[in-house]
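What follows is a single structure, written as structure tokens, with notes after it.
The values are calculated or read from the model by the stated rules, or taken from the named source; none is laboratory data. Computed from a predicted structure; not experimentally measured. Counting neighbours? That spans all protein chains shown, and the Cβs are built from the backbone with ideal geometry, glycine included. SASA here: full protein model, heavy atoms, side chains in, ligands and nucleic acids out. Shrake-Rupley method; radii C 1.70, N 1.55, O 1.52, S 1.80 Å.
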Amino acid sequence: MNPPSAARALDLLIVGAGFGGLYMLHKARRMGLHALVLEASPSVGGTWYHNRYPGARVDIQSLEYSYSFDEALQQEWRWTERYAAQPELLRYANHVADRFGLRDGIRFSTRMIGAHFDEAAREWVVRSDLGEAWRARFLVMASGPLSSPNKPDFAGLRDFEGPVLHTADWPHEPVDFSGQRVAVVGTGSSAVQAIPIIARQARELTVFQRTAAYAAPARNGPLNAELEARVKADYAGFRARNRRMHGGFGSLLPPNPVPALSVSAAQRQEAFEQRWQVGGFALLGAFNDLLIDLKANETAAQFVREKIRATVTDPATAQLLSPSHTLGCKRLCVDSGYYETFNRPNVRLVDISREPIERFNRKGLRGAGRDFEFDALVLATGFDAMTGTMMRLDLRGRGGLRIQDKWHAGPLNYLGLGIAGFPNLFNIAGPGSTSAFTNVIVAIEHHVDWIAECIAHLDARGLRSIEASEQAEAGWTEHVNASARRTVFLSCNSWYLGANIPGKPRMFMPLADGFPRYADQCTQVAAKGYEGFVLQ
Ligand code: N01
């Protein structure tokens, strides 16, 4: 890709108009920078644009999962439910785009396909699928950690005559399963949300499960007006308290600061039960060691298995639905009637853990040693998480270094924000940061603010490039690994590890250290003149 002379010049080129890209654009404009967003879709919203499967909703309370950067915005916006559903989240993203006049800074239906760093000019030359090119001083990847759907290469899938839908790439026209026999492959968060609703519509639903999921009840409902008023009376204080929480949310019910095995079995049961009644991720905060001590974790896992047994009437199905891995090692699902759905006469669960799907055919599939027929197929098979989107790009840094070569053994980075060999490129909510373990809007706002300050720092000093040093990068990679080793997260196969994608290098990608500590580290790096980065 030769740098085209006609390429238009920008301060910032931002990839993606989800929550990260929208705020980055707004922030850049406030700084007087000339910025442009490239967005492959025809509209804003990112993950909430694509994941429109039935039942899609956020798993962090909406009063928390929302922007904090503008007081008027957070005061005026009214969520209708405790956990907003996808259409409402999409309306919110559109509202933000309109309220801050962002649309004219976004090139829609334009996919960024590659970017090469021009060392002489110290600029990125970015190309779109429409053959256009831009030169930008900085490239900001706001393409999202969960934006490349995982579509497994099942044998014979093309032979299947019915519709094949993926939860992360759901059609925009309404999908009506009435009277149909539907198959769902996968039982992660997306499936757990979709299955109860599909089961109510379809004539017959067959769920193919490779690994059973832990799900805690959302206890969703209309947003409590008294709570909303209380939060809005001091929204800034509420946000600040959340930013001091490990995951950037949850200050309404902080974790219990004692280890699980320091109390009696009866006290443990009571603590779990209280949190179960609150719903959502509250369960994981019942004790302070559930995600770092396997024995403590097992007490909570056992509690959930008992709930499954008490809910699902057929003992064999209950047994199959009971996970054996560590609770929370794969992200805890937050559900509305998931386990109950398996009591319906039109729903059956098929274990494919030992005998996987062999192949699809015109009428259905052969798996678990049997043939199954259905009219429509839903793949709820997740994402090539954290790196999938970047690894599909023709992204080349200094000396033509390809991102595929740089990351062949895993996503090396420094602070999650920079990559050695890729000057002036910033990554929002990607690997090496706490993004996947954090209320992602908190993670996004933090990254955008940090990037903005960094650019202001460079500009104030007449510096033209910033690049992570290889030494800092190696240290950070070890830090991310060491943080994971102090937790239970290495005890199962998850997308955090890249284990859901055949052939993907296994490297624990998100930082499990907690948002407050991570944010402090980022602040200190900046305060020390961007220690670990080379500025020129
Ligand atoms: O994807 P997943 P997801 N054959 O990877 C199975 C966020 N999110 O879209 O566990 C058969 O969790 C796979 O099996 P296994 C959230 O961060 C949030 O559900 O690999 N099965 C698994 O059961 C979440 O963690 C919400 O053995 C195959 C499922 O497909 C992340 O997105 C809602 C298979 C994939 O589960 C991903 O969730 C939705 C194969 N070849 C998503 N390949 C909220 O609530 C995969 N599977 C906000």
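Structure notes:
- Of all residues in region 62-82, those satisfying the criterion of being hydrophobic (A, V, I, L, M, F, W, C) and away from the ligand (no atom under 16 Å from the Cβ) are Phe69, Ala72, Leu73, Trp77.
- Exactly one residue among Leu349, Leu320, Leu332 is under 29 Å from Phe154 (Cα atoms) and open to solvent by less than 10 Å² (accessible area, probe 1.4 Å), and that residue is Leu332.
- Number of positions in region 167-180 that are within 20 Å of the chain's Cα centre (by Cα) and either hydrophobic (A, V, I, L, M, F, W, C) or surrounded by 23 or more Cβ atoms within 10 Å (Cβ to Cβ) (or both): 3
- Residue count for region 354-367 satisfying the condition of being assigned to a loop (DSSP other than H, G, I, E, B), within 11 Å of the ligand (Cβ to nearest atom) and open to solvent by less than 60 Å² (accessible area, probe 1.4 Å): 0.
- Members of region 295-304 found to be crowded, with 19+ Cβ neighbours inside 10 Å and either polar (S, T, N, Q) or without any contact (Cβ under 8 Å) to a residue 60 or more places away in the chain (or both), listed by number: Ala296, Asn297, Thr299, Ala300, Phe303
- Some residue of region 229-245 being within 14 Å of the ligand (Cβ to nearest atom) and open to solvent by 10 Å² or more (accessible area, probe 1.4 Å): no
- Condition met for Thr389 (polar (S, T, N, Q), within 19 Å of Gly20 (Cα to Cα), modelled with pLDDT of 95 or more and touching a Ser or Thr at 6+ places or on another chain (Cβ under 7 Å)): yes
- In region 181-217, residue nearest to Phe360 (Cα to Cα) [restricted to those that are more than 16 Å from the ligand (Cβ to nearest atom) and buried (at least 18 other Cβ atoms within 10 Å of the Cβ)]: Arg181
- Any hit, region 74-92, residues being crowded, with 22+ Cβ neighbours inside 10 Å and in a loop (DSSP other than H, G, I, E, B): yes
- Extreme residue, surrounded by the most Cβ atoms within 10 Å (Cβ to Cβ), among residues of region 105-115 that are outside any loop (DSSP other than H, G, I, E, B) and of a type outside the set (A, V, I, L, M): Gly105
- Against the numbered list (1) open to solvent by 30 Å² or more (accessible area, probe 1.4 Å); (2) touching a helix residue (DSSP H, G or I) at 6+ places or on another chain (Cβ under 9 Å), Thr389 comes up short only at (2).
- Unique match (being within 23 Å of Val58 (Cα to Cα) and among the acidic types (Asp, Glu)) among Glu270, Glu226: Glu226
- Checked against (1) more than 24 Å from the chain's Cα centre (by Cα); (2) among the small types (Gly, Ala, Ser); (3) open to solvent by 70 Å² or more (accessible area, probe 1.4 Å), Ala456 passes all but a single condition, namely (3).
- Answer from Phe437, Phe426 - the residue that is in contact with a helix residue (DSSP H, G or I) (Cβ under 9 Å, 6 or more places away or on another chain), among the aromatic types (Phe, Trp, Tyr), within 30 Å of Gln61 (Cβ to Cβ) and more than 16 Å from the ligand (Cβ to nearest atom): Phe426
- Some residue of region 428-435 being in a helix (DSSP H, G or I) and either surrounded by 24 or more Cβ atoms within 10 Å (Cβ to Cβ) or in contact (Cβ under 8 Å) with a residue 24 or more places away in the chain (or both): yes
- Considering region 51-61, and only residues there that are more than 11 Å from the ligand (Cβ to nearest atom) and over 12 Å from Pro196 (Cβ atoms), the residue that is most open to solvent (accessible area, probe 1.4 Å) turns out to be Arg52.
- Enumeration of residues in region 116-138 that are closer than 13 Å to Asp394 by Cβ and crowded, with 24+ Cβ neighbours inside 10 Å: Phe117, Trp124, Val126
- Test: residue in region 456-475 that is in contact (Cβ under 8 Å) with a residue 24 or more places away in the chain, within 29 Å of Gly250 (Cα to Cα) and not in a loop (DSSP other than H, G, I, E, B): no
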